[in-house]
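Down below is the structure, laid out as structure tokens.
The values are calculated or read from the model by the stated rules, or taken from the named source; none is laboratory data. These figures come from a predicted structure and were not determined experimentally. Glycine also receives a Cβ, built like all others from the backbone with ideal geometry; neighbour counts cover every protein chain displayed.
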Number of protein chains: 2
Amino acid sequence: MSEVSLHKPFPASQVPAWDMETDVAVIGFGAAGACAAIEAASAGAKVMLFERNSGSGGASGLSGGEIYIGGNGGTDAQRAAGFEDSTEAFATYLKMAGGPCADEAKCDHYAAESLNHFAWLKAQGVPYRGNYLPGKHIEPTDDSTLIWSGSEAAAPFCHQAKPAPRGHVIQHMGWGGGRPLVDILEAKARALGVEVVVDARAVALVADGDRIVGIVVRIDNQNRFVKAANGVVLATGGFVMNEEMRRKYCPETFKLTTPIGDKDDGVGIMLGLGAGGEAIHMEQFFTTCPWTMPEIHAKGVFVNAAGQRFINEDCYHGRVSRCAVDQHGGRVYLLLDNAHFIQPMDFAQMTIAGTGDSWEEVEAELGMAAGTLSATMAFYNAHAHEGRDPLFDKQVPILTPLDQGPFIALELNFQTSYFSFFTLGGLKTSAHAEVLDRTGVPIPGLFAAGRCTSGLPAWGHGYSSGMSLADCTFFGRQAGKGAAQG
Amino acid sequence: MSEVSLHKPFPASQVPAWDMETDVAVIGFGAAGACAAIEAASAGAKVMLFERNSGSGGASGLSGGEIYIGGNGGTDAQRAAGFEDSTEAFATYLKMAGGPCADEAKCDHYAAESLNHFAWLKAQGVPYRGNYLPGKHIEPTDDSTLIWSGSEAAAPFCHQAKPAPRGHVIQHMGWGGGRPLVDILEAKARALGVEVVVDARAVALVADGDRIVGIVVRIDNQNRFVKAANGVVLATGGFVMNEEMRRKYCPETFKLTTPIGDKDDGVGIMLGLGAGGEAIHMEQFFTTCPWTMPEIHAKGVFVNAAGQRFINEDCYHGRVSRCAVDQHGGRVYLLLDNAHFIQPMDFAQMTIAGTGDSWEEVEAELGMAAGTLSATMAFYNAHAHEGRDPLFDKQVPILTPLDQGPFIALELNFQTSYFSFFTLGGLKTSAHAEVLDRTGVPIPGLFAAGRCTSGLPAWGHGYSSGMSLADCTFFGRQAGKGAAQG
């Protein structure tokens, strides 16, 4: 008898008896799994959804519920706010955001279908107020729909892709729209007859030759064999909570201390690899320290331990944070003047490392050599007064002189500040959410979506808010459709 | 009948007939394969070595023949030159050089055995003159033995691991010691009865259950089945010549234009993956632009497109180059004054981008804003006169003022200069060169060494010359011993 293993499909010929039978088995009940289940059930398939927790949510449930949407002339919310977002600009931005890791086919597919996807989300019952909230927000603190959620208006993106805000947030008062988003998707899935099995941990795939025909789930300490006649969908999230996988595949994250996610243990990636799939861009991760809260801090300037700027700070907070983590010295400083300083959020664990009536005093308090940080700021301010940033092309109005003392340096320390992070690498899938083997051929019966794949958010330096949920929901749908067809 | 594929072992039960039979089959005739063959044959095994080219060499044959050796109180050459290199300092350096990707078990194993390995190399007939050549060299231009070949004397390495030169070069006049090194190893292997089959490309492994028991090689357009009773050694090099693999696994290298290697097509990595192995750190690559030639240029200062320094330039030329490639703007500049400038080598394709009687004039000629590069150099020179580098801790004597005009900026352009590169990621193997599956268990009968594995040179930012050949020769030996034992 073969062993039940994450790392190798169990042979169908050795299944003692099928404990359950379905057309489509979905593993994981975050947004990706929910959307897969909805689409598969809508296509007429019998769907069972297995979740290791006692309820839905996953990392999606912990998120802001923001989805990156645009193109095709713009959504209702974009157009109402005066943004005519072209599909070409949208696809270009997605590809730039994917950097060297971009999957062009996925970017093109999503850019073309994004507005239809938005309509679909609404049709599932996800509410959108439809209004635009200007400014620089991590999530809306009210129930607004549309925010700038990436680096669209910042260089180099703005020079190649006409900027538009594309972060579409579920109508929900305050932060944490991910929970109600998943609740709505869950209700829809249940209404369509999806059978949800909780406290059920996937421990193996079942294969008949090269085709995936089922899964083994662990329920009440027993292995249960589930036949999935048409297909299996992996929607288990990333591997940020699996230290062994991080050590092997994404060791740079050990610089940082705050993994975020739910039980993202990489199980879907392991199952997919065991079935002959491949994992790509496993070294990529998103990170952010929430330095744009309060919002006025978005006008600050970052320097590294050598007192040098390293990025146009008008980029997305996560891009700035990811570049910050590349700097030597284990920390960076956010510089603010009296006109732009409010006490930062406690949870960010950013400390006041230096203050002074001049930038020279701040520099001295930080223990930096004279003429480093102060020279950086003199140069910055002189050009900011002219509305220019010759070094990094930061754009007005975020480009602002910081010359009204007293002055302050907040330390963002990689090991003590709140640098949250999650992984971006995962299974290589087609633009139709098929899990691909190392030759690029789909593995029959196996689909995947969300952070157990490498998707739209492929490159840590280019991440924008809403990209992961866009990827989860859109490619989750493709996975569900594909699995239903078998 | 199963298909013969790189991606899945061929079932032994379906082998029509064994065309050849041996105890150990080695794939690839660079230094790793040669050392594996020597050890396996020395252990009494019948050994066949298959090489897709018409002769030995591989990337090793194109190299400088330099091997990173030290510890245990120092080699004869180190001690004669006054360097008492401790095993602890050696292991510490290796681990720092591996950065987040370091394999501590391999570092410790090699540090402990390095002197024995040196003795073994000499016993195979590799000659070493035994002398030390001071200075900063890429390879000795004479027949000297010992050079500084890494960042040992530079921060942060020098503060944690007592510096010693460890680049040991075969006695050979001028560059290119890799060719005679492989010739000597080849002669030894042949003398031990190793049967070498050239023009023979490995196209599959053969498995009996989980155990690898042979290979399929393509000879004269025919598949030949080779039984390897005890084991198979993969020694096929990296994947720098496989654009499809680079696109998937190491896309950042497309910034650069000069892959170096032989036919490094990643075939060993694919074979190992197909057998259930795993590949790690596939995004890592070595790169260098030979900016320390002429040697006096090693005293230059690098700035990025914003006119900022980014590294202590006394590091290994490859570490500086790798950090250079991280800078935005597609290029960096090497700044030199009249006292430290000689026309650079043509092949480096570094162009003179700006000159002037002051750094201000150079800055203007480069189109940089006033007060960028010139301020960087004013700050640098002021502190260099005091023997300090407060920003990056560059050490004297390489730390030198550059204030004797006229001044010059050489452009190192990622797309037009000679940024050679090769890949560092590969199969995960044990410190005994066993190919490990995703659970860390050795795959029976399968061994690997050199650049088809992730080994001592694991991290592009920490590479030092001689690390790859150290890894190839030492772990090649482990692979050969292991395969002979079966």
| note | Conditions (1) surrounded by 24 or more Cβ atoms within 10 Å (Cβ to Cβ); (2) farther than 18 Å from A:ARG218 by Cα; (3) touching a Cys at 6+ places or on another chain (Cβ under 9 Å); (4) not aliphatic (A, V, I, L, M) -> A:LYS95 fails only (1)
| task | Scan the stretch A:107-123 and report the pairs whose first residue is in the same structural domain as A:ARG477 (by TED's automatic domain parsing) and whose second residue is in a helix (DSSP H, G or I) and surrounded by fewer than 23 Cβ atoms within 10 Å (Cβ to Cβ), with Cβ atoms within less than 7 Å and a gap of 6+ or a chain change. | result | A:CYS107/A:ALA91; A:CYS107/A:LYS95; A:ASP108/A:ALA91; A:ALA111/A:THR87; A:ALA111/A:ALA91; A:ALA112/A:THR87
| Out of B:GLY231, B:GLY237, which single residue is assigned by TED's automatic domain parsing to the domain that holds B:SER5, outside any loop (DSSP other than H, G, I, E, B) and among the small types (Gly, Ala, Ser)? | B:GLY231
| said: Out of A:ILE296, A:ILE260, A:ILE219, A:ILE269, I need the residue that is assigned by TED's automatic domain parsing to the domain that holds A:GLY426, touching a residue at least 12 places away in the same chain (Cβ under 8 Å), of a type in the set (A, V, I, L, M, F, W, C) and within 30 Å of A:PRO134 (Cβ to Cβ). Which one? | reply: A:ILE260
| query | What residue, of B:GLY71, B:GLY57, is buried (at least 19 other Cβ atoms within 10 Å of the Cβ), more than 14 Å from chain A (Cβ to nearest Cβ), among the small types (Gly, Ala, Ser) and in contact with a Phe, Trp or Tyr (Cβ under 6 Å, 6 or more places away or on another chain)? | reply | B:GLY71
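So that you can scan it fast, the table gives a plain yes or no per residue for (1) in contact (Cβ under 8 Å) with a residue 12 or more places away in the chain; (2) within 14 Å of another protein chain (Cβ to nearest Cβ); (3) buried (at least 19 other Cβ atoms within 10 Å of the Cβ):
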position: A:ASP403; (1), (2), (3): yes, no, no
position: A:ALA409; (1), (2), (3): yes, no, yes
position: A:GLU434; (1), (2), (3): yes, no, yes
position: A:THR439; (1), (2), (3): no, yes, no
position: A:PRO444; (1), (2), (3): yes, no, no
position: A:ALA449; (1), (2), (3): yes, no, yes
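Here is a list: A:THR376, A:THR355, A:THR292. Which entry is within 14 Å of another protein chain (Cβ to nearest Cβ) and among the hydroxyl-bearing types (Ser, Thr, Tyr)? So that I can check it myself, show each step before the final result.
Details: A:THR355 fails: within 14 Å of another protein chain (Cβ to nearest Cβ); A:THR292 fails: within 14 Å of another protein chain (Cβ to nearest Cβ).
After applying the criteria, what remains is A:THR376.
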| query | Does A:ALA378 count as modelled with pLDDT of 95 or more and of a type in the set (Gly, Ala, Ser)? | reply | yes
| Residues located in the stretch B:345-370, provided they are assigned to a loop (DSSP other than H, G, I, E, B) and buried (at least 16 other Cβ atoms within 10 Å of the Cβ) | B:GLN349, B:MET350, B:LEU366, B:MET368, B:ALA369
| Just one of the numbered conditions (1) farther than 20 Å from B:ALA306 by Cα; (2) at pLDDT 95 or above is not true of A:ASP393; which one? | (1)
| For the stretch A:248-269, how many residues are closer than 11 Å to A:PHE285 by Cα and part of a strand (DSSP E or B)? | 1
